[in-house]
Amino acid sequence: MPDLLRELFSYAFIIRALVVGTMVALCAALLGISLVLKRYSMIGEGLSHVGFGALALAMTLNMAPLKVSIPIVAVAAFLLLRISESSKIKGDAAIALISSSSLAIGVIIVSLTTGMNTDVCNYMFGSILAMSKSDVYLSVAVSAVVLILYILFYNKIFAVTFDESFAKATGTNAGRYNMLIALLTALTIVIGMRMMGAMLISSLIIFPALTSMRLCRSFKSVVICSALLSVVCFFIGIVISFSFSIPAGASVVAVNLAAFLIFYLTALILKKILEVSA
Amino acid sequence: MKLIHCKNVTMGYDGHIAVNNISFDLEQGDYLCIVGENGTGKSTLMKGILGLLKPISGQIAFNDIKQNEIGYLPQQTIVQKDFPANVFEVVLSGCLNRRGFLPFYSKKEKARARENIAKLGINELKKKSYRDLSGGQQQRVLLARALCATEKLLLLDEPVTGLDPVMTKELYALISKLNKELGITVIMISHDINSAVQYGNKILHMNIKTGFFGLTKEYLATDICRRMMGGVENA
């Protein structure tokens, strides 16, 4: 094990992947709590598919991927949130529509230009080789902004997540904070997407929150547990990805699934013990 | 002194009138029950008082109280049923309107939250998770949160929905105590007409055509009240 880790840290691309991935895992876990609790999980899924379309477009135009996809996904976040809040259109159906359409457009662009090659496979399922040096700077800067905003608005985000009508009634602009959550999610998804893959990035948002909710009983403990869990699962996932040469996204998701099952079973067993002792 | 003055308020949305020409005045310490059948605009009127929806015409004026100083007990949502937050976190979130743009709560707000938890007799629940509480306990927690947001005016939207008769009675007694002992003005939407006339000193009966606003004892003498209570059919 120490040898494996020493070998791991000797590669610059792994260090880059770990730095960016840790930041993304942290941001995704924090934002995921509100998205899962507010029943907005589908927004993450929708945004990552829009991100795939944007990446395909950037590749065709020979432009820097992050610079093209950040604005496109941010606009999509705004639209998806509007759709989810509107009672007239069925929110989940509309999100499914947008996400599959952007995936389709992305695939068409790719097939007409470069063809379905390994790059495309990497975009869909993730690769630890994805991050270049300039990507790292941009990613770290964006993640730092996401983290700082989340901490500054923590109490407001809690109030809006728990009870939007109360927050609105006592003078908090709930719409603004929903938008903030959606935009921060868009940024996190774009940055994490190439490493985790467009198909798998949304799991980084949903899993840590769902897993920690099995056992944690206060909001603060859910936040701390999700953040830690997300980073630990990401690290183990990258080690596995490196040792067995499997796509990074897939192995991180598999580790998250294992963590979820462990927490789920522990919660079940604890409940049984409490019932017996009561 | 008048706390709220509502004059000829008409409200609606999507080109449809929900509240038609309602007028009423409340003084500090009043306990108003808003009654009426479904679809007569009770919730819409409450949105108007909370400042979430602007009246089409007429005015809602406040004396000595700002719009964000109202304590509100909304109907519970599905999101809250399994929400992982402890009681203290939920109650403390009621202090948010005191913070403005400042990001974190100070000692003063935390003390205020503890005080209101004690006031509602839920001290032993402070560390418990909101999702593990019974319906009645959850309503008490939300009431404590509402008290953190206000000192003067409490708005309650059908607070006893889903509670059993014992809890219902307890919650009504608690609200009545807050009204009498702390002098907090209460506005409550209620389907429970018997409790409305028992606890409220004023009644606003909303109806699609005609309504009623006045003292409870006058309301008891009206035909619409008797019909609501099920005493005289087609009076």
Exercise. For the stretch B:129-165, name all the residues that are polar (S, T, N, Q), farther than 16 Å from B:Ala118 by Cα and more than 9 Å from every other protein chain (Cβ to nearest Cβ).
Key: B:Ser134, B:Thr161
Exercise. Among the helices (runs of 4 or more DSSP H) lying completely within the stretch B:147-235, list those that include at least 3 residues that are buried (at least 16 other Cβ atoms within 10 Å of the Cβ) and not hydrophobic (A, V, I, L, M, F, W, C).
Key: B:165-182
Self-check item: Enumeration of residues in the stretch A:243-267 that are open to solvent by 40 Å² or more (accessible area, probe 1.4 Å) and either of a type in the set (S, T, N, Q) or touching a residue at least 60 places away in the same chain (Cβ under 8 Å) (or both)
Solution: A:Ser243, A:Ser245, A:Pro247, A:Ala250, A:Thr266
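For the stretch A:129-155, which positions are of a type outside the set (Gly, Ala, Ser) and not in a helix (DSSP H, G or I)?
Correct list: A:Leu129, A:Met131, A:Phe153.
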Quiz prompt | Meets criteria (under 20 Å from the mean Cα position of the chain (by Cα), open to solvent by 80 Å² or more (accessible area, probe 1.4 Å) and under 26 Å from A:Leu35 (Cβ atoms)) for A:Leu66 | solution = no
Practice problem: Scan the stretch B:95-113 for residues that are out of contact with any Leu (no Cβ under 7 Å at 6 or more places or on another chain) and either surrounded by 14 or more Cβ atoms within 10 Å (Cβ to Cβ) or at the interface with chain A (Cβ under 10 Å from one of its Cβ atoms) (or both) and report the count. | Solution: 10
Quiz prompt | Criterion (modelled with pLDDT of 85 or more and of a type outside the set (Ser, Thr, Tyr)) met by exactly one of A:Leu55, A:Leu81 | solution = A:Leu55
Quiz item: Quick check, is B:Asn123 open to solvent by 10 Å² or more (accessible area, probe 1.4 Å), touching a strand residue (DSSP E or B) at 6+ places or on another chain (Cβ under 6 Å) and more than 14 Å from chain A (Cβ to nearest Cβ)?
Solution: no
Exercise. Could you grab the pairs with beta carbons closer than 8 Å, sequence gap of 6+ or different chains, first residue in the stretch A:94-105 and farther than 19 Å from A:Cys121 by Cβ, second one surrounded by fewer than 18 Cβ atoms within 10 Å (Cβ to Cβ)?
Key: A:Ile98/A:Leu79
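Considering only the stretch A:190-209, how many residues are among the hydrophobic types (A, V, I, L, M, F, W, C) and at pLDDT below 90?
9
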Exercise. May I ask you to verify whether A:Ser212 is within 14 Å of another protein chain (Cβ to nearest Cβ) and within 19 Å of the chain's Cα centre (by Cα)?
Key: yes
Quiz prompt | Odd one out for A:Met59, checked against (1) more than 29 Å from A:Ala209 (Cα to Cα); (2) open to solvent by 60 Å² or more (accessible area, probe 1.4 Å) | solution = (2)
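For the stretch A:156-172, give me each residue that is open to solvent by 20 Å² or more (accessible area, probe 1.4 Å) and either away from every other protein chain (no Cβ under 11 Å) or in a helix (DSSP H, G or I) (or both).
Once the filter is applied, which keeps residues that are open to solvent by 20 Å² or more (accessible area, probe 1.4 Å) and either away from every other protein chain (no Cβ under 11 Å) or in a helix (DSSP H, G or I) (or both), the stretch A:156-172 yields A:Glu164, A:Ser165, A:Lys168.
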Exercise. Sort through B:Val35, B:Val91, B:Val9 and tell me the only one that's in contact with a His (Cβ under 6 Å, 6 or more places away or on another chain) and buried (at least 17 other Cβ atoms within 10 Å of the Cβ).
Key: B:Val35
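The values are calculated or read from the model by the stated rules, or taken from the named source; none is laboratory data. Given the structure is predicted, the values throughout are model-derived calculations rather than measurements. No Cβ is skipped: glycine too gets one built from the backbone with ideal geometry, and neighbour counts run over all protein chains shown. In case anyone asks, the SASA skips ligands and DNA or RNA and just uses the protein heavy atoms, side chains included. Shrake-Rupley method; radii C 1.70, N 1.55, O 1.52, S 1.80 Å.
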